[in-house]
1. Give the residues of region 105-120 that are in a strand (DSSP E or B) and either touching a Cys at 6+ places or on another chain (Cβ under 9 Å) or farther than 20 Å from Y164 by Cβ (or both), sorted by residue number.
2. Can you tell me how many residues within region 116-151 are modelled with pLDDT under 95, in contact with a Leu (Cβ under 9 Å, 6 or more places away or on another chain) and hydrophobic (A, V, I, L, M, F, W, C)?
3. If only one of Y57, Y48, Y6, Y44 is modelled with pLDDT under 85, more than 21 Å from A154 (Cα to Cα) and in contact with a Phe, Trp or Tyr (Cβ under 8 Å, 6 or more places away or on another chain), which one is it?
4. Hey, can you tell me all the residues within region 159-183 that are loosely packed, with under 12 Cβ neighbours inside 10 Å and either at pLDDT 75 or above or in a helix (DSSP H, G or I) (or both)?
5. When D155 is evaluated against the numbered criteria (1) outside any helix (DSSP H, G or I); (2) at pLDDT below 95; (3) buried (at least 16 other Cβ atoms within 10 Å of the Cβ), which criterion, by number, is the only one it fails?
6. Among A91, A74, A70, A21, which is at pLDDT below 75, aliphatic (A, V, I, L, M) and closer than 26 Å to D195 by Cβ?
Amino acid sequence: MMINNYSYTSFKGRASIIKYADKICRSVNSDFPHISPFLSWHQYHEPYEHYTAFIPYWAKLGDLRDATKATDTAYDYYDVLIKKLKSHKCANCGDLSDIVYLKCKNKNFEDVKCVQLGGISSVYPKRQVKYDHIAVMFKHNNKPVLIDPLFEFADFLPNALLKYKTIFKRFIPDFNVNFELKLFDSDTVKIHPDDLQELTKKYEHLIG
């Protein structure tokens, strides 16, 4: 499900790093054409059999993600993820962000990590996150840059947060004036440089 219906078609006047980050974002959407089962709920969950086809993959990826914490290698996790995306053309924000993470690491970007966006309400007795969404952030000249492969854009963090509050607000139904948008560190599946090198040899045209 492509969501690039906001209007700017030219890179004129934009910082070169944003052009580069945007190119990475668009290459992921081009190389891994996808539909999100979460944004296309009825299409992928009715009939239910459509959804059940993906459950084993996400379960296996979850197991492999947990295994990386003990083995300090993420090669198998990313290998399965790429195969899943190629074969099923279905991805959530976390899946696509993991691919962006690999591409950013290959470009030697600084402080690359996955981040989670949440709408925080102060109305309840306790702070409550009403919405979460995964993207990728890195530093350029000490300025945070955010890449969102599901919503298909890249920008400096303040501009990115403004986009979530305006352009993409309709895709975040729980977010409204009573919720404050916050950024949290996500559970990044870090990859060892040797594993990344081997993985890139295998999928050079996808993550190189």
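1. Across region 105-120, the qualifying residues are E110, D111, V112.
2. 4
3. Just a single option satisfies the conditions, and that option is Y44.
4. Scanning region 159-183 gives T166, R170.
5. Condition not satisfied by D155: (2).
6. After applying the criteria, what remains is A70.
The values are calculated or read from the model by the stated rules, or taken from the named source; none is laboratory data. This one's a predicted model, so the numbers in the text were calculated from it and none came from an experiment. Cβ: placed from backbone, ideal geometry, glycine included. Neighbour counts: every protein chain shown.
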